[in-house]
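Colleague: Mind looking over this structure? Questions follow.
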Amino acid sequence: MFHWRDDSEGLTRAFTSRSGGVSAAPYDSLNLGSRVGDDPADVTENRNRVASALGVPAVAFMNQCHGADVAVIEAVPDCTPDADALVTLTPGLALAALVADCTPVLLWDVAGPAVAAVHAGRPGMMKGVVGQVVSTMRDLGAQSISAVVGPSVCSRCYEVPLELREEAASVTPESRAVSWTGTPAIDVAGGVVAQLHDLHVDISWVAGCAREDLRLFSHRRDGVTGRFGGFIVRKAP
Ligand SMILES: [Zn+2]
C-alpha cells in the first residue's frame with residue numbers, strides 16, 4: 001500500500017503505491033483518483049483503506065486543476081475545493097495530493113501546527129504553486145518549514161518540445177533537462193526542489209521514477225490509469 005512512509009516527529013507522511021486496493025485494470029489496484037474513469041465504489045473503498053492504514057477517520061482531497069491555488073481548511077470540507085494545495089493547522093486532519101507523474105510535495109512546520117499537501121505538475125511548477133504554499137504557511141505563522149518530495153516522472157522520461165523546455169527554464173533554470181534519447185526534456189521535480197531551496201525550505205526527496213517503476217501509476221507510461229497519493233497528518237495530541 002505504501003511506497004514510502006515515515007511516522008516520526010509527531011507526523012505521518014506517506015506516498016502510496018499501486019498495490020493494496022480493489023480497482024480493476026487499468027486502475028489496478030489502489031487507484032485513489034475519482035476523475036479518471038474508475039468505479040466510484042472502488043475508489044471509495046481504496047480511499048477508506050488508506051485512511052484506515054493512516055489511522056484517521058477521513059482524508060481531505062482536492063479537485064486538482066494544474067494551478068497555484070491554495071485552500072486552507074480546518075476540517076474535511078463538504079465540498080471538495082478546486083485547488084492544487086491544501087494547508088491546515090488542525091492536528092488529526094489528513095491531507096492528500098494525487099499524482100500519476102506529477103510531483104507530490106508534503107510540507108510541515110517543524111515548530112508549529114501547519115502542514116500542507118501539494119500537487120505540482122509542470123504547470124504548477126511554472127506557476128509557482130510551492131511558493132504560494134510556503135507563503136500561505138508563513139502567513140499562518142510557520143517558522144521553519146521542511147518538505148519531502150515524492151516520486152514522480154523523472155527528467156529523462158519527460159520529453160517535451162524545445163519551446164516548452166525553454167519556457168519552463170525561463171521560470172526555473174534547474175528544470176532544463178535532456179531525455180533518455182537526448183531530446184529536450186523538463187525536470188519538473190528538480191524545478192520544484194530548486195524553488196523550495198530558494199525559499200529556504202529543508203528538503204528530502206524520495207527516490208524513484210513513476211514511469212520506470214511499475215509499482216507506481218504513470219500517465220506517461222500507461223495513458224488511462226489510476227492515481228497514487230501523497231498524504232500528511234499531524235498526530236492529534
Ligand atoms: Zn524516468
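Colleague: Which residue fluctuates most in the GNM of the chain (Cα springs below 10 Å): ALA194, ALA111, ALA142?
Modeller: Greatest mean-square fluctuation among the candidates belongs to ALA111.
Colleague: Shifting gears a bit: Got a sec? How would ARG49, ARG215 order by Cβ neighbour count within 10 Å, fewest to most?
Modeller: Fewest to most other Cβ atoms nearby, the residues stand as ARG215, ARG49.
Colleague: Using a 10 Å cut-off around each Cβ, can you sort LYS235, LYS127 from fewest to most neighbouring Cβ atoms?
Modeller: With the fewest neighbours first, LYS235, LYS127 line up as LYS235, LYS127.
Colleague: Please identify, among THR80, THR225, THR136, the residue showing maximal mean-square fluctuation in a Gaussian network model of the chain using a 10 angstrom Cα cutoff.
Modeller: THR80
Colleague: Between region 27-42 and region 67-123, how far is it from one alpha carbon centroid to the other, in angstrom?
Modeller: Each part's Cα centre sits 20 Å from the other's.
Colleague: Once you list every other residue whose beta carbon is under 12 Å from the beta carbon of PHE217, what net charge do they have if Lys and Arg are +1 and Asp and Glu are -1?
Modeller: +1
Colleague: HN-Hα J couplings of region 83-90 from phi, Karplus 6.51/-1.76/1.60, θ = phi - 60°, integer Hz, Gly and Pro as x?
Modeller: 6, 10, 8, 10, 10, 9, 10, 8
Colleague: Something else: Among GLY20, ASN48, LEU93, flag the residue with its Cα farthest along the positive direction of the charge dipole of the chain, charges on Cβ as +1 for Lys/Arg and -1 for Asp/Glu.
Modeller: It is GLY20.
Colleague: Could you calculate, for the chain, the ratio of the Cα radius of gyration to the Kirkwood radius, expressed as Rg to Rh?
Modeller: Radius of gyration over Kirkwood radius for the chain works out to 0.95.
Colleague: Order by neighbour count: ASP84, ASP42, ASP6, ASP202, fewest other Cβ atoms within 10 Å first, most last. The partial results should precede the final answer.
Modeller: Values: ASP84 29, ASP42 19, ASP6 16, ASP202 13.
Listed from fewest to most nearby Cβ atoms, that is ASP202, ASP6, ASP42, ASP84.
Colleague: Using the 4.7 Å Cβ rule, please list in number order the cysteines from the chain without any candidate partner.
Modeller: CYS65, CYS79, CYS102, CYS157
Colleague: For the pair ALA41 and SER144, how long in nm is the line joining their label points, each one 7 Å along Cα→Cβ?
Modeller: According to this spin-label approximation, the distance is 5.0 nm.
Only the coordinates and a few stated rules stand behind these numbers; no lab work does. Keep in mind that what you see is a predicted model, and the values were worked out from it rather than measured. Cβ atoms come from the backbone with ideal geometry, glycine included; neighbour counts cover every protein chain shown.
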